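Dumping the structure here so I can ask a few things about it.
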Amino acid sequence: MSIPIIPVELIRIIVALGAVGAFVGLNGLVLVYVERKVAGHCQRRPGPFEVGPHGLLTPLADALKLVGKQLFMPTGADPWLFWLAPIVSFLPVLLLFLPIPFSPVLTGMEVHLGILFILAFSGINVLALCLAGWGSNNKWALLGAGRAVAQSVAYEIPLLLSLLAVIFMVGSLNLSEIVRSQGSWPWQWHICTQPLAFLIYFTCAVAEVNRNPFDLPEAESELTAGFHTEYSGMAFGLFFLAEYMNMIIVCSIATVVFLGGWQGPFFSGALWFFAKMYALLFIIIWFRWTYPRVRFNQLLNINWKWLLPLGLANLLVTAFLMKIF
Amino acid sequence: MGALRESWQNIVDLWSLIVGLKVTGKYFCYRHRTVHYPRKTVDNINTFRGPLELVPKSKDPTKPKCIVCMMCATNCPCGAITLVKKKAPKPTPEELKAEEEAKARGEKVKKKKAPKEPARFIQDFSLCSLCGICVENCPVGSIRFSNDVYFAVTRREDLALDLLARLRERAGEMEKTLSVEQEA
């Protein structure tokens, strides 16, 4: 044919990006609602209730409010870094969803190095937090950014080590391959063969997305809001959205790597994937309304003295056993 | 050995994380303790501490039981209560005449005593810390906390509450409701 053919893969990626955009927007609303509802119920109150039935429209109203707010920049702030930070924080999130296999069909793009792809791009978020804190010309923001960098850099190591243990067993970085290596029943999932790795991964994941009890970069009671102190309106909204989306990403990876992905008893499909993912999200939110924040020295001690050696030992044992059997 | 034991203790202490999750998880499933306010209200607010109110005499709902012993005003840690006793009534000219005549006859004259009733009973609610010492100390049970949940003013001066006037107001309202009930 003489007509230049648009590659199918390109169309697929564009459609996937559109779908991811919709997914991100929708989930932003859903998670805000769930977060506030869980907060309410954990404290024995109903949570948002007034706007819409059972307060269902509250996050929508919140979003409208955020969009309508004026964007401010403090005097003395670096305009480039200040406005770049929320975009840098949010944009990689769209890419992160591409290689995640929600079901055999519902995969944006089959990436052979899928897990590496996600880990590499999720690291950009730290840069965004750093830019935001540095560009704000605000001491709280700077402190928050410093904490964010120290924390993220530290916790990325055991996170990688725990994932590496499973990758050793599967022998592939492709997320779909990792799902296929597990069976449909819970005892065939990697959480049973690698329980320690799962615990390390989940702890690191909570720390990596700056959630309680590791939310030091935005510790409300100490730093007003940490790195996003000076942001208003949608600039703050983007950080907020990026945080929630990163939560979804880490829970998705946990689902894929440790909980059998789309596979489940009786039937397989995206339903199982979402059920597991939202269960993990619920647990992270549950953590937030249960645990007090750790001190910074505790945070780093947990990482360097516990998670890192345990992760290394786990990896060594896995490697050893894989070599023998 | 000490370091090992310490490490082991750290691992054992992780159980406390589960305990914490159990607590909030339990609460998550329990019924709510709050009510949806404008549509529902709490039925029992007896323990609510609003501004003070005076307890009326059983015979006369416009007069308080107060005997002006000053226990509330002297014990108030915030100095929120201003209490003034009624003065003795001025004798009429006839009474004065009778008194003088009695004196001339050499009899002992009994002057009229001031009644044991407050002339002013003012609580400055802006100073009150709602500790309840006045309520506990009142020997005749003449003051109590009101259940006025919706008490609000727009000026600071309005927080100096004339409790006697409020008592009379309340008595008037009670009479109104009573008469309405009787008519019904």
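Bear in mind that the values in this text are calculations on the coordinates, not laboratory data. Model, not experiment: these values are computed from the prediction. As a convention, Cβ positions derive from the backbone with ideal geometry for all residues, glycine included, and neighbour counts pool all protein chains shown.
Check the cysteines of chain B one by one and keep only those with no other cysteine Cβ under 4.7 Å from their own.
B:C29, B:C66, B:C69, B:C76, B:C78, B:C128, B:C131, B:C138
Another question about this same structure. Relative contact order of chain B, please, whole-number percent, based on alpha carbon pairs below 8 angstrom and at least 6 residues apart.
Relative CO of chain B lands at 29 percent.
Show me A:81-89, A:257-265, B:169-177, B:68-76 ranked by packing, highest mean number of other Cβ atoms within 10 Å first.
The most tightly packed comes first, giving A:257-265, A:81-89, B:68-76, B:169-177.
Another one. Expressed as a fraction of 2.2 N^0.38 Å, the rule-of-thumb size for a compact globular protein of N residues, what is the C-alpha radius of gyration of chain B?
The value comes to 1.80.
To continue, here is another question. Along Cα→Cβ, 7 Å out, is where each label goes; now give me the distance between the ones at B:A98 and A:R12 in nm to one decimal.
Each label point is offset 7 Å from its Cα along the Cβ direction, giving 11.6 nm.
Explain nothing, just the number: relative contact order of the range A:72-324, from Cα pairs under 8 Å at least 6 residues apart, as a whole percent. If you can, show how the numbers build up before the last one.
Values: 406 pairs, mean separation 66.5, N = 253.
Dividing the mean separation by the residue count of the range A:72-324 yields 26 percent.
Show me the ranking of peptides B:145-155, A:271-281, A:42-52 by mean Cβ neighbours inside 10 Å, starting with the highest.
Values: B:145-155: 11.2, A:271-281: 19.0, A:42-52: 15.9.
Highest-to-lowest ranking by the protection proxy: A:271-281, A:42-52, B:145-155.
Given A:L196, A:L238, A:S184, which one lies farthest toward the positive end of the charge dipole of the range A:178-241, if we put +1 on the Cβ of every Lys and Arg and -1 on the Cβ of every Asp and Glu?
A:S184
Provide the descending list of Cα extents for the protein assembly as shown along its principal axes, expressed in whole angstroms.
In descending order, the Cα extents are 136, 71, 57 Å.
Please determine, in degrees from 0 to 90 and to the nearest 10, the orientation of helix B:93-104 with respect to the longest principal axis defined by the Cα atoms of chain B, where the helix direction is its Cα long axis.
70 degrees
Need the list of aspartates and glutamates near B:K59 for cross-linking: C-alpha distance under 20 angstrom, and skip anything on the same chain fewer than eight residues off.
Here the aspartates and glutamates satisfying the reach criterion relative to B:K59 are B:E117, B:E169, B:E173, B:E175, B:E181.
Compute the helix-to-body angle for B:2-13: its Cα long axis versus the longest principal axis of chain B, expressed 0 to 90° and rounded to tens.
Tilt of helix B:2-13: around 70 degrees.
Quick one: check the C-alpha center-to-center distance for the range A:60-80 versus the range B:56-82, whole angstrom.
Each part reduced to its Cα centre gives a spacing of 56 Å.
Give me P(r) over the range A:53-155, computed from all C-alpha to C-alpha distances, binned every 5 Å, as integer percentages.
Per 5 Å bin, starting at 0, the Cα pair percentages come out as 2, 11, 14, 15, 15, 15, 14, 9, 3, 1, 0.
Among A:V111, A:V179, which comes first, then next, by fewest other beta-carbon atoms within 10 Å? Present the calculation step by step, with values, prior to reporting the outcome.
Values: A:V111 18, A:V179 25.
Starting with the residue having the fewest Cβ neighbours, the order is A:V111, A:V179.
Stokes-Einstein at 20 °C, 1.002 mPa s, Kirkwood radius from Cα pairs: D for the range A:76-128 in µm² s⁻¹?
Rounded, D is 174 µm²/s.
Quick one: putting +1 on the C-beta of Lys and Arg, -1 on the C-beta of Asp and Glu, what dipole do you get for the range A:89-224 around its Cα centre, in Debye to the nearest 20? Walk me through the numbers before you get to the answer.
Details: 4 positive and 8 negative charges, 18 e Å.
Approximately 80 debye in magnitude.
Round to the nearest 10 and give me the degree value, 0 to 90, for the angle of helix B:163-183's Cα axis relative to the longest principal axis of chain B.
With both axes taken from Cα atoms, the answer is about 90 degrees.
So how far apart, in nm, are the two label points at B:E169 and A:K69 if each is 7 Å from Cα heading toward Cβ?
Using points 7 Å along Cα→Cβ, the separation is 4.1 nm.
Report the Stokes-Einstein translational diffusion coefficient (µm² s⁻¹, integer) for the range A:72-324, Rh taken as the Kirkwood radius over Cα pairs, at 4 °C with viscosity 1.567 mPa s.
Answer, rounded: 69 µm²/s.
Shielding of B:42-48 by partners, i.e. mean partner chain Cβ atoms within 10 Å per residue?
If you average over the peptide's residues, the count of other-chain Cβ atoms is 0.
Among the listed pairs A:K69/A:K276; B:K85/B:K112; A:K276/B:K22; B:K65/B:K103; A:K276/A:K305, which have their C-alpha atoms separated by more than 25 angstrom in this model? Walk me through the intermediate numbers first.
On the way: A:K69/A:K276 36 Å; B:K85/B:K112 15 Å; A:K276/B:K22 20 Å; B:K65/B:K103 36 Å; A:K276/A:K305 30 Å.
Going by Cα-Cα distance, A:K69/A:K276; B:K65/B:K103; A:K276/A:K305 fall outside the 25 Å limit.
Where is the GNM fluctuation largest for chain B (alpha-carbon springs, 10 angstrom cutoff): B:K63, B:K90, B:K40?
Looking only at B:K63, B:K90, B:K40, the biggest GNM fluctuation is shown by B:K40.
Based solely on its DSSP helices, what 222 nm [θ] is calculated for chain A when runs of n ≥ 4 H residues each add -39,500 (n - 2.57) and the sum is averaged over all residues, nearest 500 deg cm²/dmol?
Estimated from H runs of four or more residues: -21500 deg cm²/dmol.
Roughly how far apart, in whole Å, are the Cα centres of the range B:87-165 and the range A:222-254?
63 Å
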